[in-house]
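Scroll down for the structure; my scribbles are underneath it.
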Amino acid sequence: MNYKEKLKEIQLFCFDVDGVFTDNIVYLTADGDQMRTANVKDGYAVQLAVKKGVQIAIISGGNSHPVRKRFEMLGVTEVHLGSSDKWRIYQDLLARMNISNDQVCYVGDDIPDFPIMKQVGLAVCPADAAPEIKHVAHYVSPFLGGKGCVRDILEQALKVKGLWFDEESMHW
């Protein structure tokens, strides 16, 4: 089964943050804060998916108030930052949502994502992911982390589910 067929069965999209929603660059300020950039098109796809009833979860080792705030603004309620044990959080999500590994798409880019990506129904990574992650991915987006890979997979998922674009509902 190809990855587009698997997209039809996905009930939960889990995302890492750094290297997926960001370009892996952290700007360090004089007072020790770390700033990241966010892709507006990725954000559009996330908020649209949430509005269309798609379940989205964020599982990241990083812990930043602005990152949490951005996901809350996009409508994501499952935001797990500062996650030193991504596997435990992932297992908790499955139990609470009563879904199986086969119904999950996980998008990650580096070694901490590997254990989950080996188990899910659809493992996805950006074009600039670590080689080990590319090896385990069912789909490698042609887009880089922070440069549209989130939009890429969510747009494809919404299209196969018939939820992407409804010209009738657009208010001009």
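The values are calculated or read from the model by the stated rules, or taken from the named source; none is laboratory data. Keep in mind that this is a model prediction, so the values were computed, not measured. As a convention, Cβ positions derive from the backbone with ideal geometry for all residues, glycine included, and neighbour counts pool all protein chains shown.
Quick look at the values:
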| item | result |
| --- | --- |
| Residue match in region 25-33 (condition: free of Cβ contacts under 8 Å to residues at least 24 places away in the same chain and assigned to a strand (DSSP E or B)) | yes |
| Number of positions in region 26-40 that are under 14 Å from residue 146 (Cβ atoms) and either buried (at least 16 other Cβ atoms within 10 Å of the Cβ) or of a type in the set (S, T, N, Q) (or both) | 4 |
| Qualifying residue in region 42-50 (condition: exposed (fewer than 15 other Cβ atoms within 10 Å of the Cβ), without any contact (Cβ under 8 Å) to a residue 60 or more places away in the chain and either out of contact with any helix residue (DSSP H, G or I) (no Cβ under 9 Å at 6 or more places or on another chain) or not in a helix (DSSP H, G or I) (or both)) | no |
| Members of region 51-81 that are β-branched (Val, Ile, Thr), in contact (Cβ under 8 Å) with a residue 12 or more places away in the chain, within 26 Å of residue 35 (Cα to Cα) and in a loop (DSSP other than H, G, I, E, B) | 76 |
| Per-region count, region 28-68, residues at pLDDT 95 or above, in contact with a strand residue (DSSP E or B) (Cβ under 9 Å, 6 or more places away or on another chain) and β-branched (Val, Ile, Thr) | 6 |
| Flag for residue 23 being surrounded by 14 or more Cβ atoms within 10 Å (Cβ to Cβ), under 24 Å from residue 6 (Cα atoms) and in contact with a Lys or Arg (Cβ under 7 Å, 6 or more places away or on another chain) | no |
| Selection from region 82-118 of residues that are surrounded by 17 or more Cβ atoms within 10 Å (Cβ to Cβ) and not in a helix (DSSP H, G or I) | 83, 104, 105, 106, 107, 108, 109, 110 |
| Answer residue from region 1-24, given it is assigned to a loop (DSSP other than H, G, I, E, B) and free of Cβ contacts under 8 Å to residues at least 40 places away in the same chain and is farthest from residue 130 (Cα to Cα) among those | 1 |
| Residues satisfying the stated conditions in region 51-67, i.e. surrounded by 14 or more Cβ atoms within 10 Å (Cβ to Cβ) and over 24 Å from residue 115 (Cα atoms) | 52 |
| Within region 142-161, considering residues that are without any contact (Cβ under 8 Å) to a residue 24 or more places away in the chain and assigned to a loop (DSSP other than H, G, I, E, B), the one surrounded by the fewest Cβ atoms within 10 Å (Cβ to Cβ) | 142 |
